[in-house]
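Student: Sharing a structure here in C-alpha cells format.
Every number here is computed from the coordinates shown, using simple stated rules; none is lab data. Owing to the predicted nature of the structure, the values given are computational and were not obtained by experimental measurement. Please note: Cβ atoms are built from the backbone with ideal geometry, for glycine as well, and neighbour counts cover all protein chains shown.
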Amino acid sequence: MVDVSKHKLVPEHSVVDEGELEGVLEEYDIKRTDLPKIKRADPALPDDAEVGNVIKIVRDSRTTDRAVVYRLVVE
C-alpha cells in the first residue's frame, strides 16, 4: 500500500504544540473551534494526530513562496 503522506505532492502536515497554537490563536483573535476542519481519516495527517489537535500545513505558493494554514482535527 502507498503511504500518501510521503508523496511529493502532499504538503507538509505537522501537529502544532500548545505553545505555538496559543500564539496563532491570539494573533488572529480566534478560538480553536473557529479554524477550518480536517477529518482524522485524511491520509495526509501524521500518525500521531488525534481529534482536537491542530495541524499546521505548509504549502508551496507562487505569490508568497510558502503558505501556512491551520486545521482542527475532527472525527
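Student: Restricting to lysine pairs 8 or more places apart or on different chains, what number in the stretch 4-74 have Cα atoms under 19 Å apart?
Tutor: 7
Student: Taking neighbour Cβ counts within 10 Å as the exposure measure, how do 31, 8 sort from fewest upward?
Tutor: Least crowded to most crowded, the residues run 8, 31.
Student: For the chain, what is the calculated [θ] at 222 nm in deg cm²/dmol (nearest 500), taking -39500 (n - 2.57) for each run of four or more DSSP H residues and dividing by its residue count?
Tutor: The helix-only estimate for the chain comes to -4500 deg cm²/dmol at 222 nm.
Student: In addition: Along the positive direction of the dipole of the chain (beta-carbon charges: Lys, Arg +1; Asp, Glu -1; about the Cα centre), which of 53, 7, 21 reaches farthest?
Tutor: It is 7.
Student: For 57, 38, 30, what's the fewest-to-most ordering of other Cβ within 10 Å of each Cβ?
Tutor: 30, 57, 38
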